[in-house]
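Read the structure below first, then the notes.
The values are calculated or read from the model by the stated rules, or taken from the named source; none is laboratory data. In this text, all values refer to a predicted model and were calculated from it rather than measured experimentally. Neighbour counts are summed over all protein chains in view; Cβ atoms, including those assigned to glycine, are modelled from backbone coordinates with ideal geometry.
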Amino acid sequence: MKLLAINCSSPALGAFLGIVKRIIGLIQMAAPILLIIALSIHITNLVRNPEEKKTISKIKNSVIATFILFFIPTFINVVMNLLGENYAISSCWDSIHFSGSNGNYVEVDDRDRQRFFIDPGEYEKGKKKVNNKSGGGSGESIEGTAKQIGDVVWDSSDVTKISNLTSTQLIGILNAYGGNAKNFIPYAQGLITAEHKYNVNVFFLIGVEALESGWITSNISRNCNNLGGVCASSNHPSNGCGSNSNCSFAYFNSASEFIDYHASMLHNNYLTPGGAYYHGTSPSAVVTNYCPGCTEWPGSVTSIANSLFSKVSSVI
């Protein structure tokens, strides 16, 4: 099974559509202002020269032009929604959001944080306290051991090296990165646990999932908990999650379930010698079968991972 790099997998496409979206947004805001200015000028001219018929025509043309400019963005958004996620451009368009200086980022609200961190007292020095009566098992959380900057590992030539981060440290890094990176905060514990269970560096894992889900803003990630365009299977049917020319997309019960599945699949198929698609342990090796022809994918994933890693010093 392959993962498909969708939702602005091309940084150039995402940047271009982001610029276009900003421009038409500015046009939509400026159109009424321009209309008021134009009407003021035309009405002033009409008062000065009531017999001037051309002025009345100019007023009509100004109103029509403003109407068209104002509704162009609405028309484009409707078209993109009708196309759906089957088309890369519409999927990328839909995943681009703006909120002030943070660009295409969306905040995670306090209710989401409270749902995952019900009792802050459960956490001490980055480790979740485990109930001794639980008996551990496969559901037990796993933590890193980093105590200083030098303990934290990110090697773009070998993404099977564990970062050594604790979940609390990862939360600090995501907060320091800001913007949509905060959408991963509720899943920090699951990401660290998956890293240790499957030997997939958490910077790499987030890099892939952030790139392919638009930092958990795409429709497929929000509605289907599918953060990486995973194809449907008997264990994970589509349940109406959409498709593209390659396959139907899988539905997951939660983003946490996806993260565990994703790390497991990367480990078994792409990062372990003898795996079905093993070519090495770098992003460039993984992409060979993970997303054939996606030449920008390794660089984009590495760039995200590098940016996250650069925030370590602000946390530890």
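Numbers below:
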read-out: Count of residues meeting criterion [among the β-branched types (V, I, T) and within 11 Å of the chain's Cα centre (by Cα)] in segment 198-257; value: 5
read-out: Selected residue (only one of K53, K60 is at pLDDT 65 or above and more than 30 Å from N235 (Cα to Cα)); value: K60
read-out: Odd one out for G190 among (1) of a type in the set (G, A, S); (2) over 28 Å from G144 (Cα atoms); (3) more than 16 Å from the chain's Cα centre (by Cα); value: (2)
read-out: Filtered residue count, segment 243-259, keeping only those that are surrounded by fewer than 18 Cβ atoms within 10 Å (Cβ to Cβ) and either in contact with a Cys (Cβ under 8 Å, 6 or more places away or on another chain) or part of a helix (DSSP H, G or I) (or both); value: 4
read-out: Matching entry among T295, T217, T302 (being in the same structural domain as A146 (by TED's automatic domain parsing) and surrounded by fewer than 19 Cβ atoms within 10 Å (Cβ to Cβ)); value: T295
read-out: Residue, farthest from V153 (Cα to Cα), within segment 176-218, restricted to residues that are in contact with a Ser or Thr (Cβ under 6 Å, 6 or more places away or on another chain), β-branched (V, I, T) and assigned to a helix (DSSP H, G or I); value: T193
read-out: Residue list for segment 194-212, filter: among the polar types (S, T, N, Q) and either out of contact with any helix residue (DSSP H, G or I) (no Cβ under 8 Å at 6 or more places or on another chain) or within 15 Å of A305 (Cβ to Cβ) (or both); value: N201
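Residues checked against (1) among the basic types (K, R); (2) closer than 20 Å to W297 by Cβ; (3) crowded, with 23+ Cβ neighbours inside 10 Å; (4) assigned by TED's automatic domain parsing to the domain that holds Y261:
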site	(1), (2), (3), (4)
S163	no, no, yes, yes
T166	no, no, yes, yes
A188	no, no, yes, yes
K197	yes, no, no, yes
L205	no, yes, yes, yes
L211	no, yes, yes, yes
